[in-house]
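The structure that follows is given in the form of structure tokens.
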């Protein structure tokens, strides 16, 4: 039940004011280096997860629920970040530069271009 509360709070914050500055993001050498292989820095992923973004889909990977978020990094790149919720923290898993159609969905939702 706690996971449901955390996720519901996350969704509410995301679509009203962006995720709060106190958002906890779970980092370690593994997920940070994996994102780097795709050209995404820690700050890029944090920009997407803590800023205005859209959720594209939910996936079940074993016992873990994974979500796909699309948003803008401060660099202006539109990125796709796959993450899960562990405890009360978001844990980035992987990511990539959003393709044109995915970026268009993001711009359509947030009215930016």
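Considering 87, 76, 71, 62, which residue is at pLDDT 90 or above and at positive phi?
76
So which residues in the range 1-40 are within 13 Å of the chain's Cα centre (by Cα), at pLDDT 90 or above and over 16 Å from residue 85 (Cα atoms)?
Scanning the range 1-40 gives 35, 40.
Separate question: Considering only helices (runs of 4 or more DSSP H) fully contained in the range 17-113, which possess at least 1 residues that are touching a helix residue (DSSP H, G or I) at 6+ places or on another chain (Cβ under 8 Å) and surrounded by fewer than 17 Cβ atoms within 10 Å (Cβ to Cβ)?
So the answer is 29-37, 42-50.
The values are calculated or read from the model by the stated rules, or taken from the named source; none is laboratory data. Worth saying up front: this structure is predicted, and the values here are computed from it rather than measured. Cβ atoms come from the backbone with ideal geometry, glycine included; neighbour counts cover every protein chain shown.
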